[in-house]
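Participant: Take a look at the following structure, please.
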Amino acid sequence: MSALRNRGIRPALLVGCLFLLALSVAGCSSGKAQSFNFKPDIFLQDLNPTSQGVLGALYVTIVISVVAQALGVALGVLAALGKMARILPFRVIANVYIWFFRGTPLLVQLVFFYFGFGAAHIWGWDDITIFGFFIPGALQAAMVILGVNEGAYMAEIIRAGILAVDPGQTEAAKSLGMTYRLTMTRIVLPQAARVIIPPLGNEFNNMLKTTSLIFVLGVVETYNHYVILQGLNYRPFEAYAACALWFLLLTTIWGFIQSRIELRFARGTATGSSAAQGPGWRARIFGGGPQVDEIGALGGH
């Protein structure tokens, strides 16, 4: 137990020491240039959730992450089934989709499908209103492009999860006269979900951080909020430190949630033992867990 605690404590102490070292270095005079003085009051004000724009930016980050991840899972299922289909055109479409979106940078995809498509009059991201909610075009583009990109990675994760299910399950379903669609929705995918859930949680963790790239579209999410803020108060160190801590808080909270979800899906199965449930929240946050997420490695960014 002491060894397990040390695995979690040592990284935490290291992070704390590095942060204190950075503050001390920042506060020291260089001798040739004007010394930098860390302003705790400005840092706390930037970090304060009641400060103007902070909660709104966090809300945008979370909403975009959830919608994009849901779209990515849906597209991932279709792409995985298409890649495993016997019909050649389905396999070609799925493979080209995965090849393109895994092989090009997400930042390039964002500017290409938003600015490029708009300039070529291929697709215009017009502002819309759904159920009384006003959704700007840039926000739509951010959710769709992030979701489509994520689908290419989820496809490999979902395909690996499907292949992990005993083929005898499919054969038994066929012997009972079940159709392919019924077999997948009622037999295969529910069992594959237990394998898919851990890397899916890791992908959502990554999605929370990836939203910082959509500042190129002009969307004011968490990162862009602090970019604008540091341009107003000329205190980039304090602003970006607050930004980093907010992202750290979001991913840490999700780490707890993911651990509970994985534990829930592991109940009543052979993987329900404590040794096979996957890394706990300490190992997930600080590292050092003995398990290797092989399925996640297939589709991870």
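Participant: Among (1) of a type outside the set (Val, Ile, Thr); (2) in a helix (DSSP H, G or I); (3) on the phi > 0 side of the Ramachandran plot, there is one condition Leu213 misses while meeting the rest; what is its number?
Facilitator: So Leu213 meets the others, but not (3).
Participant: Does the range 134-153 include one or more residues that are within 24 Å of Tyr59 (Cα to Cα), among the aromatic types (Phe, Trp, Tyr), more than 16 Å from the chain's Cα centre (by Cα) and at pLDDT below 95?
Facilitator: Yes, that holds for at least one residue.
So that you can scan it fast, the table gives a plain yes or no per residue for (1) surrounded by 16 or more Cβ atoms within 10 Å (Cβ to Cβ); (2) in contact with a helix residue (DSSP H, G or I) (Cβ under 7 Å, 6 or more places away or on another chain); (3) within 21 Å of Ala68 (Cβ to Cβ):
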position: Tyr180; (1), (2), (3): no, no, no
position: Lys209; (1), (2), (3): yes, yes, yes
position: Leu213; (1), (2), (3): yes, yes, yes
position: Tyr223; (1), (2), (3): yes, yes, yes
position: Ile228; (1), (2), (3): no, no, no
position: Asn233; (1), (2), (3): no, yes, no
position: Phe237; (1), (2), (3): yes, yes, no
position: Leu245; (1), (2), (3): no, yes, no
position: Ile257; (1), (2), (3): no, no, yes
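Participant: Looking at Val165, is it in contact (Cβ under 8 Å) with a residue 40 or more places away in the chain and surrounded by fewer than 23 Cβ atoms within 10 Å (Cβ to Cβ)?
Facilitator: Here the answer is no, as Val165 does not meet what is asked.
Participant: Given the criterion basic (Lys, Arg) and surrounded by 21 or more Cβ atoms within 10 Å (Cβ to Cβ), identify the matching residue among Arg159, Arg194, Arg186.
Facilitator: The conditions single out Arg159.
Participant: Here's another thing I want to ask about it. Restricting to the range 224-257, what's the tally of residues that are among the hydroxyl-bearing types (Ser, Thr, Tyr) and touching a residue at least 60 places away in the same chain (Cβ under 8 Å)?
Facilitator: Of the residues in that region, 1 qualify.
Participant: Filter the range 67-93 for residues that are hydrophobic (A, V, I, L, M, F, W, C), touching a residue at least 24 places away in the same chain (Cβ under 8 Å) and over 15 Å from Arg159 (Cβ atoms) and give the result.
Facilitator: Passing the criteria: Val67, Ala68, Ala70, Leu71.
Participant: Still on this model: In the list Ile122, Ile98, Ile130, which residue meets the criterion of being in contact with a Lys or Arg (Cβ under 9 Å, 6 or more places away or on another chain) and of a type in the set (A, V, I, L, M, F, W, C)?
Facilitator: Of Ile122, Ile98, Ile130, the one residue that is in contact with a Lys or Arg (Cβ under 9 Å, 6 or more places away or on another chain) and of a type in the set (A, V, I, L, M, F, W, C) is Ile98.
Results for (1) at pLDDT 95 or above; (2) in a loop (DSSP other than H, G, I, E, B), shown as yes or no for each residue.
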residue: Ala241; (1), (2): yes, no
residue: Phe247; (1), (2): yes, no
residue: Phe256; (1), (2): no, no
residue: Ala275; (1), (2): no, yes
residue: Gly278; (1), (2): no, yes
residue: Arg282; (1), (2): no, no
residue: Pro290; (1), (2): no, yes
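Participant: Got a number for residues in the range 81-105 being surrounded by 14 or more Cβ atoms within 10 Å (Cβ to Cβ) and either modelled with pLDDT of 95 or more or of a type outside the set (A, V, I, L, M) (or both)?
Facilitator: Counting residues in the range 81-105 that are surrounded by 14 or more Cβ atoms within 10 Å (Cβ to Cβ) and either modelled with pLDDT of 95 or more or of a type outside the set (A, V, I, L, M) (or both) gives 11.
Participant: Further, regarding this structure: Exactly one of (1) part of a loop (DSSP other than H, G, I, E, B); (2) at pLDDT below 70; (3) crowded, with 17+ Cβ neighbours inside 10 Å is unmet by Gly296. Its number?
Facilitator: (1)
Participant: Quick one: in the range 101-127, which of the residues that are assigned to a loop (DSSP other than H, G, I, E, B) and under 20 Å from the mean Cα position of the chain (by Cα) is farthest from Ala142 (Cα to Cα)?
Facilitator: Checked the range 101-127; the qualifying residue farthest from Ala142 (Cα to Cα) is Thr104.
The values are calculated or read from the model by the stated rules, or taken from the named source; none is laboratory data. None of the values given here were measured: they were computed from a predicted structure. Cβ sites come from the backbone with ideal geometry, for glycine too, and all protein chains shown count toward neighbours.
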